[in-house]
1. Being of a type in the set (G, A, S) and modelled with pLDDT of 95 or more is the filter; apply it to region 281-298 and report the residue that is surrounded by the most Cβ atoms within 10 Å (Cβ to Cβ).
2. Mind telling me which of the residues D255, D238, D226, D268 ends up being acidic (D, E), more than 28 Å from V395 (Cα to Cα), in contact with a strand residue (DSSP E or B) (Cβ under 9 Å, 6 or more places away or on another chain) and assigned by TED's automatic domain parsing to the domain that holds L364?
3. Hey, can you tell me all the residues within region 302-313 that are crowded, with 23+ Cβ neighbours inside 10 Å and in contact with a helix residue (DSSP H, G or I) (Cβ under 9 Å, 6 or more places away or on another chain)?
4. Does G245 count as within 30 Å of Y165 (Cα to Cα) and surrounded by fewer than 23 Cβ atoms within 10 Å (Cβ to Cβ)?
5. State the number of residues belonging to region 49-100 that are within 26 Å of A162 (Cα to Cα) and of a type in the set (K, R).
6. What's the number of the only condition in (1) touching a residue at least 60 places away in the same chain (Cβ under 8 Å); (2) within 15 Å of S98 (Cβ to Cβ) that D238 fails to meet?
7. Say whether the condition of being outside the structural domain of S323 (by TED's automatic domain parsing), at pLDDT 90 or above and more than 34 Å from the chain's Cα centre (by Cα) is met by at least one residue in region 68-80.
8. Given (1) crowded, with 16+ Cβ neighbours inside 10 Å; (2) modelled with pLDDT of 95 or more, where does D225 come up short, assuming only one miss?
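The values are calculated or read from the model by the stated rules, or taken from the named source; none is laboratory data. Just so it is clear, the model here is predicted, and its values are computed rather than measured. When we count neighbours, we look across all protein chains shown, and the Cβ atoms used for this are built from the backbone with ideal geometry, even at glycine.
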Amino acid sequence: MSKRHTIILMLTLMLLASALTCLILTFLGNPLLAIVSRDDSRISRDMDELLSVIHRLYIGDINDDELSTAAMRAVVEALDDRWSYYMTADEYMQYVISTRNQFAGIGVNVIIDEQSGGMLVMSTHRGSPADIAGVLAGDVITEVDGASIAGFTLDEIRAVLARPYGETAQITVVRENGNIEYLIVAYELIFSDPISYSFVADGIGYIRIANFEGSSASGFIAAVDDLIEQGANALIFDVRGNGGGRVNEMTRMLDYLLPEGEIFVSVDRDEIEDIIWSDADMVDIPAAVLVDRYSFSAAEYFAAILMEYDYAIIVGEQTTGKSRSQRTEILSNGGALHISTSQYLTRNRVALFDVGGLTPDYLLTLSDEDFGSLISGRLDIQDDPQIALAISMLVY
């Protein structure tokens, strides 16, 4: 062999050895890399085998789309995290609309009426097609376009009502007095204002925050300003039944109320903190926050931060305790994965999940009757025991 060929061979062997060494070090330095690759392959192989057996042996009809959706849901559910879930393409579209405080429908909150099997209207949204048509809380919707909906699930009833935006449906309603009415309602994209406010006592303003989704912060700030301009010298913030929403909407509210300081602490999977601060401007006014067992996520965090700043007293029930933030990843099939990616802590570095939620300064649980009236929108502000307690604490 010539000297030139010998040198080329030696260089080739050295390069091969170097590449092999790098490959070995990669797997040795990252042992999970090999495991994850094998696990991904195994999961794919196992699913392929399962589906192959189903298609080869199952005697009934097979809907591959349904199988795929069920499998996607099951994988996420196996994480055992109640805040993570899979959405189909249609569900994701509805989710996007809801984060803007919009929804498609006629504008009613309903449950199944046990006696008739129809839809019992718990409340209507102000200015919605149902409100305009004269649908009232307490009505029972029994028919849509002349066809009975008795025995339908809520999803089936929504499907019956669904139609292109602007088109109408005739609904048959039975009033609480037994009278029957036939009403025409339109199917629309409805904006549901998450903020409502009023005075509940002399000098005490009340702001209901239904959620922390799109436009809630702007509405909240406008409500605070308006109430103070009208003479409010104390405020009550009601986040009972509030399921949370967007961090940026919540922190805008906290920033508006509080002095300079930390108002949100997020910790990622690598335990790196990301902190949001408020500026020095604040609304210097006594306040109370109403919470209950359904004050989730941003709602209980909002109350906890105001408590830790000694800005507001907390009235109501123990909250559930949630301290994980989620992000939504769009998938190639048009669906999406809503998955927990970080943990959030209060200013004092408390994870509300770890302590079982937020404990109010003044514990007061509503009676079953009052609680039922509250969630259905029928509990008058003047008859609300928790609001009355908050007023007494602020006046005192």
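1. A288
2. D268
3. Passing the criteria: F302, I305, A312.
4. Details: within 30 Å of Y165 (Cα to Cα): yes; surrounded by fewer than 23 Cβ atoms within 10 Å (Cβ to Cβ): no.
In short, no.
5. Total meeting the criteria: 2.
6. For D238, the exception is condition (2).
7. no
8. Here D225 meets the rest and fails (1).
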